[in-house]
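Accompanying notes for the structure given below.
The values are calculated or read from the model by the stated rules, or taken from the named source; none is laboratory data. This is a predicted model, so every value here is computed, not measured. Neighbour counts run over all protein chains shown; Cβ positions are idealised from the backbone, glycine included.
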Amino acid sequence: MGYLQPDPALPQDDGRVGVNQLGFAFSDLTALRAAGFDAIIDVRSPAEYAEDHIPGAISMPVLSDAERAIVGTIYKQESPFKARKVGAALVARNAAHHIETQLMGHDGGWRPLVYCWRGGQRSGSFAAILQQIGWRAEVFAGGYRTWRRHVVASLYDTTLPFRVLRLDGYTGTAKTEVLQRVAALGGQVLDLEGLACHRGSILGDVVGAQPAQKGFETSLVAAFAGFDPQRPLLVEAESARIGTLRLPPALWVAMRQAPRIVLAAEQVARARFLAGIYADLMADPAGLSRRLNGLRALAGHAVVDDWLAMLEAGQAEALAASLIALHYDPAYARLRQGDTTAIIAQIDGGDLGDAALDRAAQAVLAALV
């Protein structure tokens, strides 16, 4: 029984393990979901899984990150045959652990789909063991590499099949909150900041790290698979990057060309709203200080020193108001300079309280025609 070499640059599955040449032929995510597998099992290493994986897949690595590195070193520096022996023992040991700890409760009708990097020896080995037990395991033909090609084709090599509209407005106009309320009312919405785990501004970090670029792109493709191309798709206006993540070309082009629905609110309401949104950042003055200090080249030392003094004094609304006036609004003006896309609706967010946001969401939904 073979296993996939842990370094994709090394020679891969040569086709001698029959189960590796069979399995589920992927066309798109809708077809995969319709196939009715009871589970999708990713047997790649934990680091590979963490970077990206097929939506809904669970991690059952047959080689850990360290084991993958060890086998790869043996393959390159000593002998491919020795690497296969060491790898086979590790795969068998890890497969036994997964069966004993996670799979014992399944009956004979259980039907999992198993994949590795290219649908080769790691997935073939694990699937063969499951098949010998009596489970109806199948291998994902082409493995993760096939999925990644689908993602790239969807986001880099084609245009989106949706009529995209942008929800635009100055920072602090509660665009994300209105977007979520539109979704709750039945609007078709893509929450980019939610998928990116970032609020979109220099102070936009949320709890937890951002996903890897590949993982972010997989989340986009999974979201698109659930949308109706016949209905408008509302997206919050963003720059080409959200934190460390890049918007892929198909989405970025669609957003740049999209008509806009613009939210507006007075600066005092926006400052009050931002102070509440950034309460978690205010609770970490050292972290917020680092972020503010990162604006010195743009805002100047005197301005940033004033911001730091407001932070030290706990003046959240005053800090938000100054950021709006001296950083956010000028940045927005630069971003929108020369933007000739149509504005199909302008909506007043009022005091940005719950009732006002509900009214704004209703107005946005009405504009989605």
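Quick notes
- The listed residues are Leu298, Leu352, Leu335, and the only one of them that is under 27 Å from Arg181 (Cα atoms), modelled with pLDDT under 95 and not aromatic (Phe, Trp, Tyr) turns out to be Leu335.
- Of the residues making up region 251-270, just one is over 14 Å from Glu317 (Cβ atoms) and without any contact (Cβ under 8 Å) to a residue 60 or more places away in the chain, namely Trp252.
- Count of region 93-106 residues, restricted to those that are out of contact with any helix residue (DSSP H, G or I) (no Cβ under 8 Å at 6 or more places or on another chain), of a type in the set (Gly, Ala, Ser) and either more than 14 Å from Asp38 (Cα to Cα) or not assigned by TED's automatic domain parsing to the domain that holds Pro55 (or both), is 1.
- Within the set Ala356, Ala360, Ala342, the sole residue that is over 30 Å from Ala302 (Cα atoms), in contact (Cβ under 8 Å) with a residue 40 or more places away in the chain and surrounded by 15 or more Cβ atoms within 10 Å (Cβ to Cβ) turns out to be Ala360.
- Selected residue (criterion: farthest from the chain's Cα centre (by Cα)) from residues of region 295-329 that are surrounded by 13 or more Cβ atoms within 10 Å (Cβ to Cβ) and part of a loop (DSSP other than H, G, I, E, B): Gln315
- Residue selected from region 330-369 under the condition part of a loop (DSSP other than H, G, I, E, B) and in contact with a Ser or Thr (Cβ under 9 Å, 6 or more places away or on another chain), by the criterion nearest to Asp168 (Cα to Cα): Gly349
- Condition check for Arg44 on (1) modelled with pLDDT of 95 or more; (2) basic (Lys, Arg); (3) more than 30 Å from the chain's Cα centre (by Cα): one failure, at (3).
- Residue count for region 234-250 under the criterion of being in contact (Cβ under 8 Å) with a residue 60 or more places away in the chain and over 19 Å from Ile343 (Cβ atoms): the result is 3.
- Residue within region 244-261 that is closer than 25 Å to Asp354 by Cβ, crowded, with 16+ Cβ neighbours inside 10 Å and not assigned by TED's automatic domain parsing to the domain that holds Ala31 present: yes
- The helices (runs of 4 or more DSSP H) located wholly in region 107-209 that include 3 or more residues which are basic (Lys, Arg) and outside the structural domain of Leu233 (by TED's automatic domain parsing) occupy 143-155.
- Screening region 221-239 for residues that are small (Gly, Ala, Ser) and under 17 Å from Leu167 (Cβ atoms) and picking the one that is surrounded by the fewest Cβ atoms within 10 Å (Cβ to Cβ) gives Ser239.
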